[in-house]
1. Enumerate the pairs (first residue in region 124-135 and modelled with pLDDT of 95 or more; second residue anywhere and of a type in the set (S, T, N, Q) and surrounded by fewer than 17 Cβ atoms within 10 Å (Cβ to Cβ)) with beta-carbon separation below 6 Å, excluding pairs fewer than 6 apart on the same chain, so at least 6 apart or on different chains.
2. Would you say ILE258 is of a type outside the set (Gly, Ala, Ser) and within 30 Å of LYS129 (Cα to Cα)?
3. So, of the residues in region 354-381 that are in a helix (DSSP H, G or I) and of a type in the set (Asp, Glu), which turns out to be nearest to PHE284 (Cα to Cα)?
4. Among the residues of region 89-123, what is the count of those that are in contact with a Leu (Cβ under 9 Å, 6 or more places away or on another chain) and among the β-branched types (Val, Ile, Thr)?
5. Would you pick out the residues in region 72-87 that are within 19 Å of GLU39 (Cα to Cα) and either exposed (fewer than 13 other Cβ atoms within 10 Å of the Cβ) or of a type in the set (S, T, N, Q) (or both)?
6. Would you say GLU424 is assigned by TED's automatic domain parsing to the domain that holds LYS174, of a type outside the set (A, V, I, L, M), farther than 25 Å from PRO314 by Cα and buried (at least 17 other Cβ atoms within 10 Å of the Cβ)?
7. Taking strands (runs of 3 or more DSSP E) that fall entirely within region 246-353, which contain at least 3 residues that are within 30 Å of PRO121 (Cβ to Cβ) and modelled with pLDDT of 95 or more?
8. Show me the helices (runs of 4 or more DSSP H) entirely contained within region 97-208 in which 3 or more residues are over 30 Å from PHE394 (Cα atoms) and touching a Cys at 6+ places or on another chain (Cβ under 9 Å).
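The values are calculated or read from the model by the stated rules, or taken from the named source; none is laboratory data. No experiment lies behind these values; they were computed from the predicted model shown. As a convention, Cβ positions derive from the backbone with ideal geometry for all residues, glycine included, and neighbour counts pool all protein chains shown.
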Amino acid sequence: MRKFLYASLSALALMAGAASAALAQDWLETAGKPFEGKEINVVFLDRPGYRAIIKLLPEFEKKTGIKVNYEIVPYENSRERQVLNFTSNGDLTIALVDLVWIGEFAENNWIVPIDEFTSDPSITDPNLKLEGFFPLLLEAFGSWGGKTYGLPFDNYSGLLFYNSCQLKEAGFDKPPETWDALLKDYAPKLTDASKNQYAFALQSRRGETQSADSFMRVLWPFGGSLLNEEFKSNLLSEASQKGLTFRQDLMKYMPPGIVSYDHAEAVNALAQGQVSMITEWSAFYGTLTDPATSKLGDCLAVAPEPAGPAGRLPALGGFSLAVAEQAPDDLKKASWLFIQWATSEEIARPYVEAGGVSGRTSIYEDADIKAKYKFVEPMVASWQKGVPEFRPRFPAWPAISEIIAEWGTKMMLGEVSTEAGAKEIGTRMEDILSKEGYYDGKRELLQ
């Protein structure tokens, strides 16, 4: 009798487990039924991560009956496009939130904290698992002022891409571990200006590329920062000046006209063999492995960005998806369903295989994924530690970015010294922050 009871209980447990698994598997279909026929709207970029999710969209639309309308907008216009929509009570139901827009979007109440949705089990994935995201990504891209607004989507890390064949020919069997080694040991042996061959290219075109991808990249690893704890300029500190001076010293090992290089030019310089190393976003891996756009072949190798005196603090880039406050309640819920699905563990593998970069930890533990994509292990290593405010995420960043872009460019061109340029940026930046209310207590010192 006891054996029969145990067997019966075991069978019931198995049935309950199977039912629970089925419920979890079918949650999206069940949750989507009330919103069948609804349409939600979002801005996408012309980048691999968005092309990947577009390939998978039919699955979501079939399961839920919800139509996803997307407009592909150049990155340079994407913030303006969304801000105009939000301030005119437009039709966007989802916000695509860049790392540096989270403060602006949250403080203007354009996006909704996720706890307004997670409290409702009828529209929340039972396998949502916020702890399944890399903590750095959830904090940097989706959170502001202690609240979570968005889930990480299309996230990048700065990595060192290099031509292992050129390094080997120069006598190196591995990439530089530190920026100091790159400058003093590697760069002289990898540069031959007479052959138009250079060690390194740092994308530095005036604009966000200069401010975020060039200027800020040499602050943090050297122990510097844009601001101190009182939100005053920290650019004249010894550590910040060391980083900015390092960039000037490295320029003699970069191609002429490096100040006009955007991402595409830097990536192409490595792809065509003109330079041996670049620090670029992980998203460019596909470009560098494609024979149609790259000559590297098996010579392509990937490593974490070099470390500075303050450690390895690589660039962070990417986005989160958040529900737009302006959307009607039913479309807010429908949008929340899409956001969960697009960032879920369930589709992480097909998303990555389609060319996207998931913010979920579990997919990168799979041996075949690590073996197939060389960028995975360096990227995962870079996401273990980083600076969420690598680029300040407050609303004032766009205005400050323009100032840094102008004077950072002048520094690189030798039109001003690093000290004079830093002083000019600091003065103008503090004027903006004063007007924004950071010094009289009207705003919290959040970045």
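1. Pairs that qualify, where the first residue is modelled with pLDDT of 95 or more and the partner is of a type in the set (S, T, N, Q) and surrounded by fewer than 17 Cβ atoms within 10 Å (Cβ to Cβ), are THR124/THR118.
2. no
3. GLU377
4. 6
5. GLN82, ASN85
6. Here the answer is yes, as GLU424 does meet what is asked.
7. 316-323
8. It comes to 164-169.
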